[in-house]
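Inspection log for the structure reproduced underneath, given as structure tokens.
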There are 2 protein chains.
Amino acid sequence: MHRLGVYSVCLALLAPGTRAADPETLSGYTAQSSKTEQEWEAKFRALPDLANLRAYMQRLTARPHHVGSPYDKDNAEWLLAKLKEWGLDAKIETYEVLFPTPKERVVELVAPARFTAKLQEPTVAVDPTSSQHDEQLPAFNAYSIDGDVTAPLVYVNFGIPADYEQLDRMGVSVKGAIVIARYGASWRGIKPKVAAEHGAIGCLIYSDPHEDGFFRGLDFPAGPYRPKDGVQRGSVMDMPVRPGDPLTPDVGATANARRLPLNEVETLTKIPVLPISYADAQPLLSALEGRVVPEAWRGSLPITYRSGPGPARVHLKAAFNWDRKPLYNVIARIPGSAAPDEWIIRGNHHDAWVNGADDPVSGTVALLEEARGMSVLLHQGWQPKRTIIFCFWDGEEEGLLGSTEWAEDHAEELRRKAAVYINSDNNNRGYLAVSGSHTLEKFINSLAREIPDPETKLSLWKRLQFGRISAAPANSSPAERQEPRTRADLRIQALGSGSDYTVFLGHLGVASMDIRFGGEGDDGAYHSIYDDFYRYTHFEDTDFSYGRALAQIAGSAIMRLAGADVLPYDFDDFTDTIRRYVDEVEKLAADMRAEIIERNRRLDEGLFSAVDDPREKLLPPPRDIVPPYLNFAPLENGFSALQRSAEEYRRALSKASANGGSAETRGNLRDLNAKLIAVERALTLKEGLPNRPWFQHQIYAPGFYTGYGVKTLPAVRESIEQKQWKLADEQIARVGKALENTGEAIQSAAAELARVAQ
Amino acid sequence: MHRLGVYSVCLALLAPGTRAADPETLSGYTAQSSKTEQEWEAKFRALPDLANLRAYMQRLTARPHHVGSPYDKDNAEWLLAKLKEWGLDAKIETYEVLFPTPKERVVELVAPARFTAKLQEPTVAVDPTSSQHDEQLPAFNAYSIDGDVTAPLVYVNFGIPADYEQLDRMGVSVKGAIVIARYGASWRGIKPKVAAEHGAIGCLIYSDPHEDGFFRGLDFPAGPYRPKDGVQRGSVMDMPVRPGDPLTPDVGATANARRLPLNEVETLTKIPVLPISYADAQPLLSALEGRVVPEAWRGSLPITYRSGPGPARVHLKAAFNWDRKPLYNVIARIPGSAAPDEWIIRGNHHDAWVNGADDPVSGTVALLEEARGMSVLLHQGWQPKRTIIFCFWDGEEEGLLGSTEWAEDHAEELRRKAAVYINSDNNNRGYLAVSGSHTLEKFINSLAREIPDPETKLSLWKRLQFGRISAAPANSSPAERQEPRTRADLRIQALGSGSDYTVFLGHLGVASMDIRFGGEGDDGAYHSIYDDFYRYTHFEDTDFSYGRALAQIAGSAIMRLAGADVLPYDFDDFTDTIRRYVDEVEKLAADMRAEIIERNRRLDEGLFSAVDDPREKLLPPPRDIVPPYLNFAPLENGFSALQRSAEEYRRALSKASANGGSAETRGNLRDLNAKLIAVERALTLKEGLPNRPWFQHQIYAPGFYTGYGVKTLPAVRESIEQKQWKLADEQIARVGKALENTGEAIQSAAAELARVAQ
């Protein structure tokens, strides 16, 4: 331990995307430590077992197991027992969280005809667990407020801000109305949020068969897609503001935590919301008159989609038990032999909306099998240098409760110790899908080159590369189309929100990744009672071979991160990515400027009324003030600092390499690794994002108006999108400063590397 | 007459797209003749009368009037009487054509369940003529062969060649099957043609509500869109090979014409075809199993669209009376006072599939009102210089029979005399839509600047410009987006086929235009019994104000062409357009080359099998030979000649202008006009297009595999598209020669202009 063969580190880092000249030497390792690591990883990768994965899933999904349910606790205790049985140091960490559950749910059409929505997913004969109605949570949206409203109905498409701009042009107001939005295009919580901003008093969300049903393929049980009575449950907490227990912002929801009164909570919806099936939605939508909606708004129901308002009038009633429920995070720990205060954390939630075979158990079982595998290695003498922490989160579905409360509870320690968090969630067949911190892009690319794809036997990397080549849109530029062939590393996506990495990356600034497989299955039972063992083993990763692949790559990643002499962050792919983001926001500002100038010109010319069809009148869009030119210099200066320091780090490695091909230990690596860990932290600012201080990371955040969907350089991008030009200028300066700070952090690591390698 | 104020001609031609410096002077006119012309046009434009248009439509659509029906003849006689009543020299020219009508029609699902298609459009209570079942032609596709077949069904999307490439990749063969295709993406006749090429033995064509029904808007009678039992009739004659009476290719179908025996006819389908409604299609499509089809193939029926083949088995029987029917073209003639042998021809058909209010009577009534208007002017002393011929065609729907037989019958005379043909057909509300010879682009642009749009009171031109600005696709380049603002003239479209201009432009090389309004209505009753007076006056151009606008612009165009001293062809917009076409075919060849190289590379790499989902296997596409580089030099040389001569014509005008601002007659304009008329003729080649010699124009033709859709530089473009590289090289040389010939024709006109203006 503490040995650094600088030569090998350099080679690996200086030959991006290709194997080092010595094909056996891993980045961040010496030739010797690399060989040892690879032997252990090879042993590990042979361990995940298809039958185990299947048996775990069958056990964990045997009954509904949402937060507060008996089987949720039962699963936690079973997981704990398993981990202990394998000799791991495991415990349950409990928090007490607000979790409203339905007391009364009514959706009725009261005019021009009467129809009462069933709000019930029926038993499917071939599917044994679909009949467990006594234990199933009914279909609802968690953290909707109570409400009892009757009003004209308006169809708002996906219910995102652009849809309301279109409604304005159509002369349709939702003030005082109940809106009906289809699932899709944004995270669901955005729909009631934006509806309320526009004056609606209630919100229904339904699954249109176009996005989620027979249009996509055969429906359950003939095929995997959502049947007519299937409903998507889900949280509508205002998570882009902050996730976690609404009563205990910023702190862990321990038994004695100070709690807000319900009326001071800021992340509940402003209006009542319920999700419905398309069988329940169709009579409502059919009863709408008014304008035929634009083509892109039309789904796959056999009706002419119209906007309303009315004559359909709807009665919506939702009442909840505003109870606190215990949640059970199961945490296991393998102490690090050399750097116990550097933590590699791996998590997946175990709670579900109902039986949850796809979401989340397909990922949970991989995590469990990783833990088993490492326990086997421990018995054989394996010792990770860093501490590994396995987390089986509870309460993810309601609002990332388990992970957020745990991380808030342990925030101070995590800020000091957490090096990397690796998340997974629902898993299916297909392609490797990695999102995360771009300092880890090169690392995960090299691992993906080593592990075979179950279906093709190619490496995961090669299959993904082919997938990217194949998927390049026809209208992309030749350079974009060739990138998957020419760039050393395949790009990973940025992380927004939607799973338990959120608190680690967005709040604490811990370099994070989310790893799954997908692209060949579907999520046609997402958050419904049909997401269960029967359906998963008939239509998704039926033999669990992608569950095994997930355990192999995520487990190997954990081991390799925990075993490296020097943490294998990379700042070249990172810098390359930041350059793209900077270009994007600069282009966004220029495009919006041009667009506003063009639109104002059209208003001056009278173009909008000239192209109007008198039988389908559209109001002209509003006039905007032509935006000022923004001062992007601070962002460019920040980027410049980043680029210089990344080069410096590369030079330091290069020099160390030249000096010390066969060198032994040249210093204490603890400081170097600490400085490397600090780099991601430098990307955060304590004051957070405008209007949502909990989110501190300045590169990645969920969009305020997209929900899960990421906004990179969020403070800058969203100020521009929302036409807050003064704020945009301020945020450019702040984010530029964060980039400069990060540059300094990298430079400091570079200096330390130069020092230890002398 | 025969006077040429060269100065004024020059000004008009040298200030493209703007009014001449003297705002009153028309292109091709002297200051004096221009003033006179404008006074007559102003009188003319005040004449078309909304009540007349309405009354004509009511009369003409009162009963079904397809070729061979009693009311078709009755209408012809009524039109003749009207024209004569107004003092015009009119007559009926009769031809005898093959027109098969249904004897028996059966479409049945025979397995896995039984269902018999209704094949009947029901009466709609509010719509009086929808009940005239005794006189209605049943729904069928004209020139389908007889057939009685039973076979497994395959869904082929739109049934165009690309769809069969996809079926090949899906491993689905149509050999021995009956295919079901939806209407759209190509002219209907392409569907059985391509199906037969792939071995199918029968073809059904249905109207999916996605393209043509409730997806688009409310269906009839609540709204204008096609109801569930509505069927689109239509011809499936192989018109891209040649239109017109199948028994008398190349010659007029006079009583004594030599006729082919039926078994030698080349334009019948190879397999039986019937059109059906979606109510009849849904049980068939629902009974298909096999692969779920690609997303772009799925329509708006509430089913999961699958390919088959089977288990659905279908029995299709179609038997026809193979009779000859008389057709009645009504032809009226206003003899030219100065140049009676230069003809300006104006046409619209009068026959319909059933009652045909939209198609064609909405256009026919405008034409009739133009004839009435000019008869009024004649009584007031107006004298057109050239001969004007009004044509009310019969038999358009079956295969452009009336216009083709008439023009073939009079071909020799037309080749000598016809200067311009202006067509219209169905008319609706919205924007001016002009397609045609680009030598007329500038001419029609300047007329469009003078006539007001009924809805906005802007000029037709201005509204269209706004429409073009507004419709510029978001992904178009800044230059493309700005073009409608910056280019002097709005572009007109090229003509393919689908109406009666075909023989004039494609076969005889007469400069042609098609003029209509549209874009705000719909064609939801196209070729069904519901296209009638009730529906037109409730949902389309209800007050006939666009009918009046059509009469105003088409009538003014006829008058202005007939009255000009010098025919106002323009070769600058024309040359600009040809440049685009040349660029397009060169890019097409380069793109196809790059695409084939890329595809072969992917085959070598094994990419296709690597990205395959094992549960939805796709076969790799076939390997193609990498195309040779084509020799585009002849096309570039031809273009160069064209460009030089266009410049020469412009210089000649300029010089004439400098010499003769106040000049009187300087020569006989007959030769100049004859040379100008010859320009469009020079774009034809006697040997026609590869495999379809009837089509002689080398710039414009209907696509061999699109039907109506135009292919510009067709011989070159289609050889490339069909990967016939050797043929492509030959055709480039031939088309290059045609461009050179055209250059010479323009040069000859330029020389003549220089001579007369000296």
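A short reminder: the numbers here are calculations on the coordinates, not readings from a lab. Since this is a predicted model, take the numbers as computed values, not measurements. Cβ placement follows ideal geometry from the backbone for every residue including glycine, while neighbour counts extend to all protein chains displayed.
A few points about this structure:
- On Cα atoms only, tilt of A:70-85 relative to the major axis of chain A in degrees: 10
- Unit charges at the beta carbon, dipole of the protein assembly as shown: most positive-side option, B:Leu109, B:Ile529, A:Pro628: A:Pro628
- Counting only residues at least eight positions apart within a chain, or on another chain, the aspartates and glutamates with an alpha carbon under 15 Å from that of A:Lys737 are A:Glu636, A:Glu680, A:Glu687, A:Asp729.
- Here the peptides A:369-380, B:190-201 are ranked by packing, the mean other Cβ count within 10 Å, and the order with the highest first is B:190-201, A:369-380.
- For chain A, relative contact order (Cα pairs under 8 Å, six or more residues apart, normalised by length) works out to 19 percent.
- Projected area averaged over orientations for region B:203-313, convex hull of C-alpha atoms, nm²: 10.0
- Degrees between helix B:50-60 axis and first principal axis of chain B (Cα, 0 to 90, nearest 10): 50
- Between copies, B:Ala113 shows label-point distances of 2.2 nm, shortest first, with the point placed 7 angstrom from Cα along Cα to C-beta.
- Student exercise, the protein assembly as shown dipole from Lys, Arg, Asp, Glu Cβ charges, in Debye to nearest 20: 1660
- Chain B residue nearest the axis that carries B onto A, by Cβ, with distance in whole Å, is B:Pro302, 2.
- Backbone phi angles across region B:405-421, fed through the Karplus curve with coefficients 6.51, -1.76 and 1.60 (θ = phi - 60°), yield HN-Hα couplings of 5, 4, 6, 5, 4, 9, 4, 4, 5, 5, 4, 7, 10, 6, 8, 8, 10 Hz in residue order; Gly and Pro are listed as x.
- Set A:Lys35/A:Lys462; B:Lys35/B:Lys462; A:Lys82/A:Lys385; A:Lys103/A:Lys325; B:Lys91/B:Lys325 screened for pairs whose C-alpha atoms are more than 22 Å apart: A:Lys35/A:Lys462; B:Lys35/B:Lys462; A:Lys82/A:Lys385
- Chain A: radius of gyration over Cα atoms, expressed as a fraction of 2.2 N^0.38 Å: 0.96
- The share of Cα pairs per 10 Å bin across region A:101-322, counted from zero up to the longest distance, runs 8, 33, 35, 18, 5, 0 percent.
- Here's the picture: charge each Lys and Arg Cβ at +1 and each Asp and Glu Cβ at -1 in the protein assembly as shown, and of B:Val126, B:Asn423, A:Leu689 the one pushed furthest to the positive end of that dipole is A:Leu689.
- Karplus-derived HN-Hα couplings along region B:233-247 (A = 6.51, B = -1.76, C = 1.60, θ = phi - 60°), whole Hz, x at Gly and Pro: 5, x, 7, 10, 3, 7, 5, x, 7, 5, x, x, 4, x, 7
- Along region A:166-177 the Karplus relation, 6.51 cos²θ - 1.76 cosθ + 1.60 evaluated at θ = phi - 60°, assigns HN-Hα couplings of 5, 4, 4, 5, 7, x, 9, 9, 9, 4, x, 9 Hz to successive residues, with x for each Gly and Pro.
- Helix axis angle, B:633-659 relative to chain B longest principal axis, alpha carbon, degrees: 30
- Beta bridges per DSSP, both residues in region B:102-319: antiparallel share near 50 percent.
- A convex hull fitted around the alpha carbon atoms of the protein assembly as shown yields 176 Å³ per residue.
- CD proxy at 222 nm, helix term only [per DSSP H run n ≥ 4: -39500 (n - 2.57); per residue of the protein assembly as shown; nearest 500]: -12000 deg cm²/dmol
- Ranking A:Leu588, B:Leu262, B:Val231 by how far each Cα lies toward the positive end of the dipole of the protein assembly as shown (charges on Cβ) leaves A:Leu588 at the top.
- Copy-to-copy label separations for A:His379, where each label sits 7 Å from Cα toward Cβ, in nm and ascending: 11.1
- Copy-to-copy label distances for B:Ala125, where each label lies 7 Å from Cα along Cα-to-Cβ, are 4.1 nm in order of increasing length.
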